[in-house]
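For reference, the structure discussed in these notes is given below.
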Amino acid sequence: MLLAGALPVLTGCALHPKVLAQVGSRAITVDDFNLAARANWSQYPGNPDQARRLLLDDLVRRALLLDLADARGLGRDTSVARYRRAIEDEVLTQALTEQLVPRSVPVSDAEVAEFFDRTRIRAHLELIYTTDASVARAAAAELKAGRPFDQVASRYTPPGLLPAGGDLGEVSGGSMVDPLDSFVREAPLGAIEGPVEAPGEGWFVARVTNRHLTPTGTPLDTQRPMFTDLVRQRKQRLISMRAFESLRAQYHLAAVPGGPQALFAVLNPASKSDSGAAPPALDRSRPLMSYADAAGRTHLYTMGEALDDLEAPDRPKPSHADLPAIEAWLQQQLIRRVVVLEARRRGLDRDPAIRRTLDERVNNAVLESIYALAVADVTTASDADVQATYAQRADRYRRLEAARIAHLSFPDSAAAFDLIRHGGHGGSLSDAAKMAGASGRLIEERIVFPSSSPVWGPIAPQIQQLAEGEWAGPMKTADGWMVFQLTAKETSAQALDQLSPAVQQSVRQEAVTLRREERLAALTDSLRKAVRPFEVHEDVLARIPWPPAGALN
């Protein structure tokens with residue numbers, strides 16, 4: 001099967017266009033080859049000449065199929081165009097996010113030490129959460145009027161988001177987003193805190209009922225890498241929230257008056273109005289939100305777009321019964337759009353590496369389509385095909401008749417692992433036992449399978465896979481911890497009908513796969529003769545280093 005991932009776009013637009021092969025309008029260059037080789041070189045064993053030839057053959061087959069897809073118009077198909085737009089948005093979003101939120105954020109020793117001290121603080125936290133500021137203010141007012149916290153929390157927090165009554169129990173400093181983390185460490189005991197907004201999360205009202213300091217425990221120095229990574233993640237999250245809040249302001253994201261309420265009404269329809277009349281027809285052009293592009297032009301996000309986004313399988317959905325959640329979801333849909341606008345404003349859509357990534361992913365989708373068309377009618381294999389496939393692989397399925405095994409047991413696993421370390425120098429289990437000064441008695445025996453032994457019977461499949469001379473263990477037995485070595489193995493051939501039904505089905509499916517590959521090979525062989533120009537430059541291929549530079553890093 002052709003490589004499906006991490007392969008270059010065969011367009012001949014590399015920076016150093018030394019051509020390895022010309023397949024119709026597609027040039028495979030040295031740069032294209034090296035890019036594919038660095039990502040996939042381990043899939044091509046053998047000597048350098050064989051490995052280079054196999055990889056180039058795959059790239060040529062890929063180019064032939066893409067040329068066939070062009071001839072059949074698959075690249076111009078409307079579904080491919082939609083896929084390309086979706087992938088372009090995804091690639092541009094990822095590229096802009098990497099610019100806005102760097103992967104490497106410096107973290108100082110002082111920041112790590114401060115965060116470590118925070119984690120020693122534990123506080124009993126009660127919490128109310130809502131996506132709407134006015135609702136949070138109403139909850140805080142009821143609490144300050146003396147209504148019990150658990151009753152107010154149950155009334156105002158959407159079901160399932162927090163524990164019953166808003167009681168989070170004891171939480172550690174550093175485990176919450178700000179400003180909740182500040183409450184854990186600093187809020188006066190018993191005071192009602194909030195409403196406060198956690199950017200990107202929602203609105204909170206909180207109360208801390210007690211607080212204490214835990215013992216130091218494990219020193220910071222032994223945990224420094226973990227705490228450094230935690231601090232870095234928190235800093236990256238803060239950078240991300242600030243960056244996207246800036247985009248929200250830059251593009252003037254706003255709700256059209258009555259827009260979120262209109263979507264709420266559509267998602268929560270009454271069967272009939274009070275007058276008995278049917279509800280009004282859906283207006284897909286109804287604007288819900290607005291934003292402005294870099295030129296100051298206003299764009300509207302409509303009911304139709306919202307309903308389409310709600311149907312998208314890869315998007316989170318809001319609670320239909322929660323208007324604030326619907327408002328927050330609408331904001332998220334606009335953020336998705338303005339991120340792509342900002343990426344284009346910065347010229348990321350013209351970046352050669354990004355264009356290459358985009359073209360590669362679209363080409364992979366086209367290849368999957370042409371592959372499906374080429375082998376769509378190969379859904380079964382004849383009995384003769386299955387028998388031929390099994391004959392090629394019969395050694396995999398030989399029956400284990402007996403095995404000669406040397407084994408040694410220890411009262412604890414540490415001694416068994418110590419023996420295995422000596423075994424790393426090579427030689428037999430007996431030699432390694434002498435080197436390790438093992439005191440146990442080495443036993444050598446012949447085990448006949450199937451075996452009723454509680455030790456050997458359950459691990460027969462493992463023994464079947466071992467090569468002669470190979471070690472295994474340590475494994476827990478009634479006598480302690482055992483290490484063993486397979487010194488000889490006796491197997492016999494099996495007919496296909498002697499295999500289990502599951503294994504027979506596996507062989508049959510493998511036969512189908514082989515028929516599909518044969519069909520595909522015949523197709524690409526015919527394309528080699530039909531596609532023009534078709535040139536492969538062996539002299540250029542022979543001068544390319546293998547493994548490629550950077551492949552072993």
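Just a few scattered comments:
- Approximating the spin labels as points 7 Å out from Cα along Cα→Cβ, the Glu368-to-Asp70 distance works out to 2.3 nm.
- Direction-averaged projected area, Cα convex hull, the range 108-239: 8.4 nm², rounded to one decimal.
- For the Cα trace of the range 463-517, dividing Rg by the Kirkwood Rh returns an Rg/Rh value of 1.19.
- Extension gain for Ala467 to Arg344 (0.36 nm times residue separation, less C-alpha to C-alpha distance): 38.5 nm.
- Carbon/sulfur fraction of accessible area - the chain, other protein chains in place, 1.4 Å, %: 54 percent
- Mean residue ellipticity (222 nm) of the chain, computed from DSSP H runs ≥ 4 via -39,500 (n - 2.57), nearest 500: -15500 deg cm²/dmol
- Scattering profile of the range 161-309 at q = 0.09, 0.11, 0.13 Å⁻¹ [log10 I(q)/I(0), Debye over alpha-carbon scatterers]: -0.55, -0.74, -0.90
- The alpha carbon radius of gyration of the chain, expressed as a multiple of 2.2 N^0.38 Å, is 1.36.
- What the pair-distance distribution of the range 100-149 shows, using all Cα-Cα distances binned every 5 Å from zero, is 4, 14, 13, 12, 10, 11, 17, 11, 7, 2 percent.
- Diffusion of the range 409-494 by Stokes-Einstein, at 25 °C in a medium of 0.890 mPa s and with Rh set to the Kirkwood radius over alpha-carbon pairs, works out to 179 µm²/s.
- Between the range 300-375 and the range 28-66, the C-alpha centres lie 32 angstrom from each other.
- Pairwise Cα separations in the range 237-389 fall into 10 Å bins from 0 onward with the following percentages, short to long: 9, 24, 26, 17, 13, 8, 4, 0.
- Calculated SAXS-style log₁₀ I(q)/I(0) at q = 0.27 Å⁻¹ - the range 125-168, Debye, Cα scatterers: -0.94
- Accessible area per residue, Å², the range 143-272 with all protein chains present, probe 1.4 Å: 55 Å²
- Across the range 301-421, the fraction of Cα-Cα pairs farther apart than 18 Å, rounded to a whole number, is 79%.
- Hz values of 3J(HN,Hα) by residue in the range 328-345 - Karplus curve (6.51, -1.76, 1.60), Gly and Pro given as x: 5, 5, 4, 4, 4, 5, 6, 4, 4, 6, 6, 4, 5, 4, 5, 4, 5, 4
- The Rg/Rh ratio of the range 436-553, with Rg taken over Cα atoms and Rh as the Kirkwood radius over Cα pairs, comes to 1.21.
- Rounded to the nearest 10 degrees, the angle from helix 48-71 to the longest Cα principal axis of the chain is 50 degrees.
The values are calculated or read from the model by the stated rules, or taken from the named source; none is laboratory data. Owing to the predicted nature of the structure, the values given are computational and were not obtained by experimental measurement. Virtual Cβ from ideal backbone geometry, glycine too; neighbours counted across all protein chains shown. Ligands, DNA and RNA are excluded from the accessible area calculation, which covers all protein heavy atoms including side chains. Shrake-Rupley method; radii C 1.70, N 1.55, O 1.52, S 1.80 Å.
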